[in-house]
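Computed from the coordinates by the stated procedures, all read-outs in this text should not be read as laboratory data. Since we're looking at a predicted model, the values are computed, not measured. Here the Cβ is made from the backbone with ideal geometry for all residues, glycine too, and neighbour counts use every protein chain on show.
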Amino acid sequence: MDLLDPLLLARWQFGLTTLYHFLFVPLTLGMALTVAIFQTAWYRTGNQKWLHLTRFFGKLFLINFAMGVVTGIVQEFQFGMNWSSYSRFVGDVFGAPLAFEGLMAFFFEATFIGLWIFGWDKLPKGVHLATIWIATAGAWFSAYFILAANAFMQNPVGYRMAQDGGRAEMDDFLAVLTNPVALAALPHTLFAAFMLTSGVIISVSSWHLLRGQHLEMMRPALKYGLWGMIVTFAGVAISGDQLSLVMVATQPMKMAAAEALFNSACGADASFSLFSIGTPDGTGEIWSLRVPYLLALLSTHSFDGCVEGINDLNMQYTTELFPQFADQVDGNFAPILWVTYWSFRWMIGLGAIAALTAVVGLWLTRRSAKRPVPAWAWKLAIWAWPASLFAILIGWIFTEMGRQPWIVFSLMLTQDGVSPNVPGWNVVLSLVAFTLIYAILAVVEIGLIVRTSKRGPDPLPDPDAPPPPEGALEDTPTTVY
Amino acid sequence: MDLAYLWFFIVGFLFVGYFVLDGFDFGVGMSLPFLGKDDIGRRQIINTIGPVWDLNETWVIVAGACLFAAFPEWYATLFSGFYLALLLILLALIARGVSFEYRHQRDSLRWKRGFDTMIVVGSAVPALLWGVAVANIVQGVPIDVNHEFTGSLLTLLNPYGLLGGLTTLLLFFTHGVYFVALKTDGRVREDARRLAARAGLATIVVAAAFLVWTVFNALSAGAPLVGVVIALAAVAAVCLIASWLANARGVEGWAFGFGAATIVAAVLTLWFALFPNVMPSTTDPAYSLTIENASSTDYTLTIMSWAALIFLPLVLAYQAWTYWVFRKRVSRSRIERAAAAAAH
């Protein structure tokens with residue numbers, strides 16, 4: 001293998017920066033909503049505990065948000081830097097949702113977050129509350145446009161080929177925006193983002209409750225996190241089921257690869273393997289633990305449905321659908337199977353574990369509970385955060401690796417999308433530089449988040465203390481660098 | 001009318017917005033070692049851009065996305081061709097962005113000085129390299145028949161490109177120092193006015209040389225709109241001198257306003273010198289990327305035009321409102337009060 005192979009390096013870089021970007025984005029999506037809800041509770045009830053929770057989770061939100069922005073720029077520049085052939089080929093279609101995201105969503109989000117951070121003592125209460133809701137809406141719209149762009153890579157719609165065959169040209173923007181993959185991926189992604197946020201809140205509040213501190217604020221926060229986790233897990237499961245139906249319809253190879261299913265199967269034979277050991281070359285199976293019917297049910301919502309296998313799909317792709325690409329991929333249109341097989345299972349498994357902690361938590365903290373929550377349960381609950389975070393990251397690995405070997409399914413192979421004129425050493429240099437700076441920042445960021453989480457919210461004011469002099473509070477700036 | 005021509009100017013408008021807005025906060029970042037004598041002073045300086053640096057930076061993301069959508073060929077050639085320059089800009093922007101958010105998270109002088117250094121370097125590198133990049137786009141670079149850039153990073157480091165970089169570096173620096181003078185009080189404000197007077201002179205010399213060179217290039221290349229180029233270069237020169245005079249007279253708002261106008265006129269000078277190319281080829285003029293051969297289809301551009309028509313005025317309105325909300329000067333006593341409140 002050539003170590004300076006620009007294709008391999010560009011792929012590593014894309015994977016790395018995408019995952020790194022996605023360490024921060026889902027928490028931004030969910031935490032913005034949480035902060036908005038807490039602040040609304042304070043606005044309506046005037047209860048100080050909601051204000052302090054708003055400020056506290058707001059701090060975590062902002063540490064996280066900065067990283068989301070700076071890694072987002074890299075994400076956008078990368079298409080042109082490393083994937084210029086891809087950009088030339090699909091820019092007419094793919095660029096538009098990105099431009100819309102900037103004009104209609106990202107400007108809103110960034111501007112109103114700035115207003116929210118620094119506007120505490122400058123804006124009327126109601127206007128200030130509105131800024132965080134507008135920022136939240138901006139973040140969600142961003143997510144939608146980005147998912148619409150990604151959906152074009154998974155399932156290209158709304159385009160026709162240019163007369164010289166040199167590029168895809170948009171002919172139906174509405175179709176691009178209502179791509180079934182985008183419509184199914186949006187709720188799945190948003191629910192997953194809220195699930196992660198719930199995980200963060202469960203972890204942080206459990207940590208404080210284990211130590212018996214900030215009880216009056218951390219108890220309602222825990223309840224919010226536990227119920228949030230249960231509700232959003234249901235949402236993730238239902239939307240994930242919808243997404244897999246769309247996936248089977250649009251990218252059958254991805255579903256076959258998720259199950260490492262080599263030969264088409266129907267009904268009871270279309271079983272879902274919980275665990276499997278394959279041959280070293282990944283072309284066969286030695287042993288597996290299986291649930292009959294489950295794959296048929298997942299893929300088609302019917303007990304006697306049929307699921308196409310990798311071998312049959314390869315035959316179909318090579319001879320009928322994409323013969324012009326067959327030589328380039330040696331007749332094998334399947335992604336790397338061990339990656340898709342295991343990422344699919346870890347995504348579901350870690351999500352289920354996170355949801356399980358919430359079920360146990362709700363049971364142990366129920367109103368009629370006789371005994372106090374044991375220490376081991378609090379410690380266990382702290383894992384809700386990493387479990388849900390890794391579930392999301394691995395979900396993206398599955399989505400993007402499952403798309404291979406295509407950069408745009410049915411239109412362009414990943415190997416044809418790379419920049420032809422960028423030497424390998426340039427990509428090495430940028431890969432090393434990004435990896436280094438990301439690693440350093442990850443250490444700093446995790447350190448700051450853990451520190452801020454442990455410090456907890458500011459204590460509630462002492463009800464017996466004399467009130468501060470008139471005007472002193474309004475004049476004290478709440479946020480300065 | 002052909003929409004691609006409209007989009008050439010919309011993309012230009014977005015880059016003008018980006019250079020005017022992020023330009024002054026690059027300058028504010030670079031001014032830290034000159035104006036920030038102590039930690040309170042440095043916080044005072046950073047807080048002048050605290051609420052707005054992030055929305056200023058979004059302009060480059062939107063400009064990049066619109067360039068991608070409206071001119072995919074231009075985007076692909078430019079971003080893959082200027083790979084290492086853009087890599088340096090990205091690393092600088094990452095370091096700078098997180099430094100604003102992280103420097104105040106710990107009360108340790110070493111921690112803060114580390115992030116201050118990153119703010120200075122992270123502001124200076126893009127301020128220099130954006131100028132190098134844009135000057136090279138206008139002058140032309142080696143591009144082959146497939147629209148692929150065939151040079152290297154060294155290709156960009158030619159005299160005209162470097163002078164362009166030095167011009168933006170100085171222009172943004174002075175523009176940022178005017179902003180500090182406008183938005184602070186006390187010693188920082190006094191120091192900023194003095195520094196701007198000195199830095200402004202160097203800026204006038206360098207920027208004038210760059211504008212003259214640009215006009216000569218446009219004349220010798222036979223740019224179709226050379227009259228507009230000359231007029232805009234003249235406007236830029238007048239605004240540049242006016243901003244220096246306004247600063248000398250102590251009218252800070254006018255100094256900053258003329259500084260912004262200088263950048264607007266200078267970027268427009270370059271844009272009209274480029275017209276109707278988007279990236280001329282020095283290999284063979286026939287290989288040049290032009291507004292017509294680099295653009296998206298009319299269908300895509302029509303949809304994008306509607307989005308821009310509706311949303312750009314809205315963006316300008318709420319961003320202007322943001323600047324209005326934070327219109328007050330950042331006073332030294334305000335930072336001291338906040339520090340005291342945080343200590344409790």
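For the pair B:Phe216/A:Arg160, report the inter-label distance in nm, with labels modelled 7 Å from Cα in the Cβ direction. The answer from the label model is 5.1 nm. Between A:Ala268 and B:Val145, the FRET efficiency estimated from the beta carbon spacing at R0 = 60 angstrom works out to 0.50.
Between A:Lys122 and A:Arg451, the FRET efficiency from the beta-carbon distance, with R0 = 30 Å, is close to 0.60. Other residues with beta-carbon under 10 Å from the beta-carbon of B:Tyr178 carry, at +1 per Lys or Arg and -1 per Asp or Glu, a net charge of +1.
Applying a 4.7 Å Cβ-Cβ cutoff to the protein assembly as shown, the cysteines left without a disulfide-compatible partner are B:Cys66, B:Cys239.
For region B:261-286 and region A:308-358, write down the distance between their C-alpha centroids in whole Å. If we compute the Cα centre of each part, the gap is 47 Å. Computed from label points 7 Å out along Cα-Cβ, the spacing between B:Phe9 and B:Ala202 is 3.7 nm. The slack between B:Asp298 and B:Arg194, meaning 0.36 nm per residue of separation minus the straight C-alpha distance, is 32.3 nm. If the chain linking A:Trp338 and A:Arg366 were pulled fully straight, counting 0.36 nm for each residue of separation and taking away their Cα-Cα distance, it would gain 5.9 nm.
Taking Cβ atoms as reference points and 15 Å as the exclusive limit, the residues near A:Ile146 contribute a net charge of -4, counting Lys and Arg as +1 and Asp and Glu as -1.
Judged by the gyration tensor of its Cα atoms, with axes a ≥ b ≥ c, the protein assembly as shown is oblate; a/c meets the 1.5 cut and b/c is at least as large as a/b. Compared with the alpha-carbon gap, the fully stretched path from A:Lys223 to A:Lys379 is longer by 54.5 nm at 0.36 nm per residue. Which one of B:Val235, B:Phe24, B:Ile310 is farthest out on the positive end of the charge dipole of the protein assembly as shown, using unit charges on Cβ (Lys, Arg +1; Asp, Glu -1) and the Cα centre as origin? Selected residue: B:Phe24. Taking packing as the residue-averaged number of other Cβ atoms within 10 angstrom, the listed peptides B:270-280, B:24-34 run from highest to lowest as B:24-34, B:270-280. Of the trypsin sites (Lys or Arg not before Pro) in region A:338-400, the ones in a loop by DSSP (not H, G, I, E or B) with at most 14 other beta carbons within 10 Å are A:Arg366, A:Arg367, A:Lys370. By the Kirkwood approach, averaging reciprocal distances over each pair of separate Cα atoms, chain B gets a hydrodynamic radius of 20.8 Å. Relative to the longest principal axis of the Cα atoms of chain A, the long axis of helix A:215-250 makes an angle of roughly 20 degrees.
Around B:Leu35, with a cut-off of 15 angstrom between Cβ atoms, what is the net charge of the other residues, counting Lys and Arg +1 and Asp and Glu -1? Residues near B:Leu35 contribute +3 overall. Take each residue in B:100-113, count the other chain C-beta atoms within 10 Å of its C-beta, and the mean is 3. Rounded to the nearest 5, the antiparallel percentage of DSSP beta bridges internal to the protein assembly as shown is 90%. Summary of the geometry: region A:364-437 and region A:26-44, compared by the centres of their Cα atoms, lie 24 Å apart.
Straight-distance candidates among the aspartates and glutamates for linking to A:Lys370, with alpha-carbon spacing under 17 Å and chain neighbours fewer than 8 residues away dropped, are absent.
Peptide A:114-120: average number of partner chain Cβ atoms within 10 Å per residue? Shielding by partners across A:114-120 averages 5.
Put a plus charge on the Cβ of each Lys and Arg, a minus charge on the Cβ of each Asp and Glu, and nothing anywhere else: the dipole of the protein assembly as shown about its Cα centre is then about 3980 debye.
Sorting B:190-198, A:223-231 by their mean Cβ neighbour count within 10 Å, with the most densely packed peptide first, gives A:223-231, B:190-198. Here region A:177-220 was treated as a single set of alpha-carbon atoms; its pair distances binned every 5 Å from 0 give 5, 21, 17, 13, 10, 10, 8, 7, 6, 3 percent.
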